[in-house]
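The values are calculated or read from the model by the stated rules, or taken from the named source; none is laboratory data. Values in this document were obtained by computation on a predicted structure and should not be read as measured data. Quick reminder, even Gly has a Cβ in these numbers, built from the backbone with ideal geometry, and neighbours come from all protein chains shown.
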Amino acid sequence: MVETVRQSKSGEKLGVSTLRESILIIEDEPDIRELMEYNLVREGYRVLQADDGEEGMALCKEKAPDLVILDLMLPGVDGIEICRRFKSDPVTQSIPVIMVTAKSEEADVVLGLSMGADDYVTKPFGPKALVARVRAVLRRGPLKEDRKGGDRVVRAGVVIDRSRHEVTIDDEPITFTPTELRLLHFLASHPGRVFTRDHLLSRAIGEHAVVIDRNIDVHIRSIRQKLGLKYRALVETVRGVGYKFKDLAKR
Ligand code: CA
């Protein structure tokens, strides 16, 4: 176990608010771990490291990091199983997990997301892309369960009001079916976050789903049509994985 804390002592004395978030890297390849560590520490994050899943799990429970970067290809217990354990343990389940996968393993991405992973990066990745992903996931915060109550989400010129069952696009009301509205509201509530079709079915449509509602692609197509040329690109297809709402805050 290697712990890297390059944080000034004075910073710690000033209290928690001045400390940057801590990131736990679970990765068996030392070179990759080192590269990640170097770039995260440079950004001011505190870094913890584990080279297998069991150790990572223990470290996570002990240190409660703000985020976990989890390589899926690990010796012993693999990353998917570790992700499942993280997300089913009340102590660790709210800690966001970014999976690291090989580019060719789209099936792993889908599986990992269905186990509750929050995002993923594919190898090989650039340091900047990793840091950006970490920043975005930390900013996003925990996944909000779909609530019964109506909240209002505003994204660019699109306003989605669940309680009033209204969508306006550049101030013009557009008619959405209840399923489309739920789906759009859910996606827009989590910009930048990738959801699999299964995810969207269970989380966004949920118990409301009737057989005819189960084809997510059909709803997405219709939603895009209604968003029109100006806004249809807000709902992005993630090839082989699912859908996400464009993260407008991303630089
Ligand atoms: Ca590995």
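Conditions tested, residue by residue: (1) buried (at least 18 other Cβ atoms within 10 Å of the Cβ); (2) without any contact (Cβ under 8 Å) to a residue 24 or more places away in the chain; (3) of a type outside the set (Lys, Arg); (4) more than 16 Å from the ligand (Cβ to nearest atom).
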position: Cys60; (1), (2), (3), (4): yes, no, yes, yes
position: Pro65; (1), (2), (3), (4): yes, no, yes, yes
position: Glu81; (1), (2), (3), (4): no, no, yes, no
position: Pro90; (1), (2), (3), (4): no, yes, yes, yes
position: Gln93; (1), (2), (3), (4): no, yes, yes, yes
position: Gly112; (1), (2), (3), (4): yes, no, yes, no
position: Met115; (1), (2), (3), (4): yes, no, yes, yes
position: Asp119; (1), (2), (3), (4): yes, no, yes, yes
position: Ala136; (1), (2), (3), (4): yes, no, yes, yes
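Criterion first (under 24 Å from Phe245 (Cα atoms) and either aliphatic (A, V, I, L, M) or assigned to a loop (DSSP other than H, G, I, E, B) (or both)) does Leu111 satisfy it?
yes
Within region 95-110, can you find the residues that are surrounded by fewer than 19 Cβ atoms within 10 Å (Cβ to Cβ) and either of a type in the set (Ser, Thr, Tyr) or under 17 Å from Glu29 (Cβ atoms) (or both)?
Scanning region 95-110 gives Ala102, Lys103, Ser104, Glu105.
Suppose the filter is in the same structural domain as Ala117 (by TED's automatic domain parsing), buried (at least 23 other Cβ atoms within 10 Å of the Cβ) and away from the ligand (no atom under 16 Å from the Cβ); does Ile23 pass it?
Yes, satisfied.
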